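Chemist: Right, I'll just put the structure down here and ask away after.
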Amino acid sequence: MKTFNDNAGRTWTISVTVDAVKRVEGLIKGANLANLTDGDPPLLTRLETDVVLLCDVIFALVKPQAEQLGVSDEEFGRAMGGDAIMAAHDAFWEELTGFFRQLRRTDTARAIEKQGALVKATVEAIEQRVERFDTSAVIEKALGSSAGSSPESPASIPDR
């Protein structure tokens, strides 16, 4: 079991069991954690790229705790920003990977790890592109070659 804290200071425990997998699938159409590679794009990819879907899945996993605490889906979502969603993200993937390893489904555990590496590499590549982005060149191209030239002198402007 993995834990994380939300922005309201509550501690949540993620436990992936068959019951939890069934609960997620029952609450979120198309979110069968037992078949992460199904779909187009696969659920594995959607969970890494859609923060709302990820948060919904995590809430479904902790729903029994939320009911005990009287925390609604909306309240949970309000408390899941920034560091909290990343802590929940990491706890979710670690717990899910462990679940598949215990089932001796190393293929699925490895797919989860590869997906994480792919997302990390993609983010790094995009960051590098943003850093190389030359705003001056874009402005100059958009405005034409006159963008950097000085205004005409008053002597060259015809009188009327």
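The values are calculated or read from the model by the stated rules, or taken from the named source; none is laboratory data. On a predicted model such as this, the values are computed, not experimentally measured, just so you know. Methodologically, a virtual Cβ is constructed for each residue, glycine included, from the backbone with ideal geometry; neighbour enumeration extends over all protein chains shown.
Chemist: Within segment 26-67, which residues are closer than 16 Å to Ala8 by Cα and polar (S, T, N, Q)?
Modeler: Gln65
Chemist: Out of (1) loosely packed, with under 14 Cβ neighbours inside 10 Å; (2) of a type in the set (A, V, I, L, M); (3) in contact with a strand residue (DSSP E or B) (Cβ under 6 Å, 6 or more places away or on another chain), the odd one out for Val62 is which?
Modeler: Every listed condition holds for Val62 apart from (1).
Chemist: Give Arg101, Arg46, Arg105 a once-over and let me know the one that is farther than 20 Å from Lys2 by Cβ, surrounded by 13 or more Cβ atoms within 10 Å (Cβ to Cβ) and not β-branched (Val, Ile, Thr).
Modeler: Exactly one residue qualifies, and that residue is Arg46.
Chemist: I need the full set of residues from segment 1-20 which are outside any loop (DSSP other than H, G, I, E, B) and farther than 20 Å from Ile85 by Cα, in order please.
Modeler: Correct list: Val18, Asp19.
Chemist: Being touching a residue at least 60 places away in the same chain (Cβ under 8 Å) and in contact with an Asp or Glu (Cβ under 6 Å, 6 or more places away or on another chain) is the filter here, so list the residues in segment 1-29 that pass it.
Modeler: Lys2, Ile14, Val16
Chemist: Within segment 99-139, count every residue that is among the acidic types (Asp, Glu) and modelled with pLDDT of 85 or more. Reasoning before the result, please.
Modeler: Our first condition is that a residue be among the acidic types (Asp, Glu); within segment 99-139, this holds for 107, 113, 124, 127, 131, 134.
Okay, now just the ones that are also modelled with pLDDT of 85 or more, so 107, 113.
Residues that pass the stated criteria total 2.
Chemist: A further question follows. For a quick check of your reading of the model, give me the residue pairs whose first member lies in segment 109-123 and is more than 10 Å from Trp93 (Cβ to Cβ), whose second is acidic (Asp, Glu), with beta-carbon atoms closer than 9 Å and at least 6 apart or on different chains.
Modeler: From segment 109-123, the pairs are Leu118/Glu48; Val119/Glu48.
Chemist: Return a yes/no flag: does segment 51-74 have any residue that is of a type in the set (Val, Ile, Thr), over 26 Å from Val123 (Cα atoms) and part of a helix (DSSP H, G or I). Before you say what the answer is, go through the steps one by one.
Modeler: Here is the first cut: in segment 51-74, the residues of a type in the set (Val, Ile, Thr) are 51-52, 57-58, 62, 71.
With the extra rule that they be over 26 Å from Val123 (Cα atoms), the set shrinks to 62, 71.
Filter once more, keeping what is part of a helix (DSSP H, G or I): 62.
Checked segment 51-74: at least one residue is of a type in the set (Val, Ile, Thr), over 26 Å from Val123 (Cα atoms) and part of a helix (DSSP H, G or I).
Chemist: What are the residues in segment 30-43 that are surrounded by fewer than 18 Cβ atoms within 10 Å (Cβ to Cβ) and in contact (Cβ under 8 Å) with a residue 12 or more places away in the chain, if any?
Modeler: Gly30, Ala34, Thr37
Chemist: Suppose we filter segment 7-36 for residues that are small (Gly, Ala, Ser) and within 19 Å of the chain's Cα centre (by Cα); how many remain?
Modeler: 2
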